[in-house]
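Report on one structure; see the data block that follows.
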Amino acid sequence: MVELATKHDKELENLIWKIAEEIPDPEIPVIPLGDLGIVRGVEIDERGRALIKLTPTYSGCPAIQLIEDTVRTALENAGIVAAIERVISPPWTTDWISKAGREKLRAYGIAPPQKTSSSKPALFESDTPRCPRCDSIKTQLVSQFGSTPCKAHYVCKSCREPFDYFKCL
Amino acid sequence: MAKANDDLFEYLIRLGDDHLILGHRLSQWCGHAPTLEEDLALSNIALDMIGQARSLYTYAGEVEGKGRSEDDLAFLRKEHEYHNLMLVERANNDFAHTIIRQLFFSVYAELLWEILSTSGDEKLSQIAAKARKEASYHVRHSAQWTIRLGDGTQESAARIADAVKTMAPNIQEMFDDDAVLQRLVQTGVIGDVAVLKAAWHISIAEIFSTAKIDTDLLETVAIGGARPGRHTESMGHILAELQYMQRTYPGCQW
């Protein structure tokens with residue numbers, strides 16, 4: 001009986017992971033939540049109740065409420081009632097964006113983060129990401145803050161296209 | 001025990017109010033900044049700061065234990081119940097004033113979050129660890145502008161000097177000590193904040209030297225001791241705008 005419950009719990013846990021991880025990010029729909037690294041855990045307690053932990057990219061991420069609602073709805077559509085917990089520790093880092101996620105960003109026209117979060121930038125240093133369109137390294141920072149809090153605004157000096165860079169955090 | 005919670009609540013409110021009010025001030029630039037890129041940058045920093053305030057208020061409400069939500073704390077207090085620095089109320093005025101106000105606060109905030117990230121209070125340390133990373137981008141933004149303007153044209157240098165003179169009286173209040181802070185340091189909730197002032201001056205001096213701004217401008221008579229509920233005239237105007245919706249339509253939600 002106990003074993004049966006455990007097996008069922010494991011399946012439920014996996015199903016919740018799968019559903020949540022495949023939901024697209026509302027601001028960058030090309031990248032699913034799983035690749036973004038914001039699904040932080042799924043727990044099933046001894047009474048079979050499910051809990052899913054999500055984390056915002058930035059403290060002020062305006063999308064987090066919508067993300068939580070979307071996850072809740074997607075789970076409900078699959079017949080699953082799960083509590084959602086917003087966690088902030090450990091703080092989200094761009095290191096958690098998967099390799100596949102980075103490739104999806106690039107294909108979409110957003111240069112993926114270059115470094116690891118531990119490499120704290122010097123005051124006047126700026127990253128030089130490759131242009132996601134023409135792959136040139138002749139790129140220039142326009143503004144540290146782009147169209148969303150998680151991105152910086154760059155321009156490519158080779159193809160002259162502006163682009164977003166997912167900055168390291 | 002009640003006393004310890006009172007102190008923590010007070011501290012969270014101070015920090016939350018600093019971030020809410022400065023975030024609100026920055027949001028007033030939305031649609032008015034000198035360039036589109038800067039409009040986005042200032043709005044993004046505002047978003048970070050208001051997000052940090054939300055975490056602090058939510059936790060403050062839990063610590064207080066009277067069922068007050070982040071919205072109750074942000075929108076439904078009276079003027080004297082906000083315990084922010086006077087610095088963050090200062091008018092946006094021209095762009096140089098906004099940048100210097102931001103530089104002063106962001107350098108302070110980054111150093112403070114660093115100290116708080118090892119707080120003996122687990123929740124506060126978590127909020128701080130996240131905010132610290134965001135604050136370092138804010139420092140870079142305002143430092144780069146300070147240098148561009150300070151070492152720019154005669155006009156921009158004059159304006160940045162005027163901004164430094166205007167904000168300088170509000171430097172000391174960031175480092176004011178009181179019984180609440182002392183008790184929190186004693187109980188390990190906050191680390192050694194006494195080192196903040198020297199560290200802040202070192203960072204600012206470094207930026208000012210590159211920006212060719214005279215550090216003598218920082219020396220002035222302080223306006224301060226403001227923390228528990230004293231404000232400049234600006235605060236009433238800020239709250240009138242900030243609280244309008246909640247006061248007019250109580251309980252209104254998005």
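The values are calculated or read from the model by the stated rules, or taken from the named source; none is laboratory data. Not measured: the values here are computed from a predicted model. No Cβ is skipped: glycine too gets one built from the backbone with ideal geometry, and neighbour counts run over all protein chains shown.
Screening A:GLY79 on (1) of a type in the set (Gly, Ala, Ser); (2) within 14 Å of chain B (Cβ to nearest Cβ); (3) without any contact (Cβ under 8 Å) to a residue 12 or more places away in the chain shows it passes everything except condition (2).
Taking the range B:14-26 as the range and being away from every other protein chain (no Cβ under 11 Å) and within 23 Å of B:CYS252 (Cα to Cα) as the test, the residues that pass are B:GLY16, B:ASP17, B:LEU20, B:ILE21, B:HIS24, B:ARG25.
So, in the range B:196-227, how many residues would count as being under 26 Å from B:ILE13 (Cα atoms) and in contact with a helix residue (DSSP H, G or I) (Cβ under 8 Å, 6 or more places away or on another chain)?
Taking the range B:196-227 first, the residues under 26 Å from B:ILE13 (Cα atoms) are B:196-201, B:222-227.
Imposing the further condition that a residue be in contact with a helix residue (DSSP H, G or I) (Cβ under 8 Å, 6 or more places away or on another chain) reduces the set to B:196-197, B:199-201, B:222-227.
Looking only at that region, the number is 11.
For first residues located in the range B:120-132 and of a type in the set (Val, Ile, Thr), partners that are modelled with pLDDT of 95 or more and lie 6+ apart or on another chain with Cβ distances below 8 Å form the pairs B:ILE127/B:GLN52; B:ILE127/B:SER55; B:ILE127/B:LEU56; B:ILE127/B:TYR59; B:ILE127/B:LEU116.
Report yes if some residue within the range A:44-54 is more than 30 Å from B:ALA53 (Cβ to Cβ) and either assigned to a helix (DSSP H, G or I) or among the hydroxyl-bearing types (Ser, Thr, Tyr) (or both); otherwise report no.
Step one: of the range A:44-54, the residues more than 30 Å from B:ALA53 (Cβ to Cβ) are A:44-50.
Imposing the further condition that a residue be either assigned to a helix (DSSP H, G or I) or among the hydroxyl-bearing types (Ser, Thr, Tyr) (or both) reduces the set to none.
No: zero hits.
Residues that are closer than 24 Å to B:GLY16 by Cα, aromatic (Phe, Trp, Tyr) and modelled with pLDDT of 90 or more: does the range A:107-120 have at least one? Walk me through it before giving the result.
Going residue by residue through the range A:107-120, those that are closer than 24 Å to B:GLY16 by Cα are none.
No, the range A:107-120 contains no residue that is closer than 24 Å to B:GLY16 by Cα, aromatic (Phe, Trp, Tyr) and modelled with pLDDT of 90 or more.
Which of the residues spanning the range B:111-140 are crowded, with 21+ Cβ neighbours inside 10 Å, at the interface with another protein chain (Cβ under 8 Å from one of its Cβ atoms) and closer than 22 Å to B:GLY61 by Cα? Residues satisfying the conditions are B:ILE127, B:LYS130, B:ALA131. In the set (1) more than 19 Å from B:ASN92 (Cα to Cα); (2) out of contact with any Pro (no Cβ under 6 Å at 6 or more places or on another chain), the condition left unmet by B:LYS130 is number (2).
Let's see how each residue does on (1) of a type in the set (Gly, Ala, Ser); (2) crowded, with 16+ Cβ neighbours inside 10 Å:
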residue: B:ALA179; (1), (2): yes, no
residue: B:LEU196; (1), (2): no, yes
residue: B:ALA199; (1), (2): yes, yes
residue: B:ILE204; (1), (2): no, yes
residue: B:ILE207; (1), (2): no, yes
residue: B:THR215; (1), (2): no, no
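Inspect all residues belonging to the range B:36-43 and state whether any of them is crowded, with 20+ Cβ neighbours inside 10 Å, within 25 Å of B:LYS123 (Cα to Cα) and not β-branched (Val, Ile, Thr). Among the residues of the range B:36-43, not one is crowded, with 20+ Cβ neighbours inside 10 Å, within 25 Å of B:LYS123 (Cα to Cα) and not β-branched (Val, Ile, Thr), which makes the answer no. Of all residues in the range B:29-57, those that are more than 9 Å from chain A (Cβ to nearest Cβ) and without any contact (Cβ under 8 Å) to a residue 24 or more places away in the chain have Cβ atoms under 9 Å from Cβ atoms of residues that are buried (at least 17 other Cβ atoms within 10 Å of the Cβ) and in a loop (DSSP other than H, G, I, E, B), 6 or more apart or on another chain, in B:ASP39/B:TRP29; B:ASP39/B:ALA33. Determine if the range B:148-164 includes at least one residue that is touching a helix residue (DSSP H, G or I) at 6+ places or on another chain (Cβ under 6 Å), closer than 29 Å to B:GLN243 by Cβ and buried (at least 22 other Cβ atoms within 10 Å of the Cβ). Yes, the range B:148-164 has at least one match. On the given criteria, is A:ILE88 assigned to a loop (DSSP other than H, G, I, E, B) and farther than 29 Å from B:SER125 by Cβ? No. Applying the set (1) modelled with pLDDT of 95 or more; (2) under 23 Å from B:SER136 (Cβ atoms); (3) not aromatic (Phe, Trp, Tyr) to B:VAL63 leaves exactly one unmet item: (2). Selection of the range A:54-66 for residues being farther than 14 Å from A:LEU36 by Cβ and either among the basic types (Lys, Arg) or buried (at least 21 other Cβ atoms within 10 Å of the Cβ) (or both) yields A:SER59, A:GLY60.
Inspect all residues belonging to the range B:88-107 and state whether any of them is closer than 30 Å to A:THR93 by Cβ, among the aromatic types (Phe, Trp, Tyr) and either within 14 Å of chain A (Cβ to nearest Cβ) or surrounded by fewer than 21 Cβ atoms within 10 Å (Cβ to Cβ) (or both). I'd like the intermediate steps shown before the answer.
Initial filter on the range B:88-107 (closer than 30 Å to A:THR93 by Cβ): B:88, B:98-99, B:101-107.
When the remaining residues are screened for being among the aromatic types (Phe, Trp, Tyr), the result is B:104-105.
Of the ones still in play, those that are also either within 14 Å of chain A (Cβ to nearest Cβ) or surrounded by fewer than 21 Cβ atoms within 10 Å (Cβ to Cβ) (or both) are none.
Among the residues of the range B:88-107, not one is closer than 30 Å to A:THR93 by Cβ, among the aromatic types (Phe, Trp, Tyr) and either within 14 Å of chain A (Cβ to nearest Cβ) or surrounded by fewer than 21 Cβ atoms within 10 Å (Cβ to Cβ) (or both), which makes the answer no.
Annotation: B:LEU73 fulfils all but one of (1) in contact with a Pro (Cβ under 9 Å, 6 or more places away or on another chain); (2) crowded, with 23+ Cβ neighbours inside 10 Å; (3) not aromatic (Phe, Trp, Tyr); the unmet one is (1). Looking only at residues that are in contact with a Phe, Trp or Tyr (Cβ under 8 Å, 6 or more places away or on another chain) and more than 10 Å from chain B (Cβ to nearest Cβ) in the range A:143-161, which one is surrounded by the most Cβ atoms within 10 Å (Cβ to Cβ)? Once the filter is applied, the top-ranked residue is A:TYR154. Output the residues belonging to the range B:58-85 that are free of Cβ contacts under 8 Å to residues at least 60 places away in the same chain and touching a Ser or Thr at 6+ places or on another chain (Cβ under 9 Å). If the condition is that a residue be free of Cβ contacts under 8 Å to residues at least 60 places away in the same chain and touching a Ser or Thr at 6+ places or on another chain (Cβ under 9 Å), then B:THR58, B:GLY61, B:SER69, B:GLU70 are the ones that fit.
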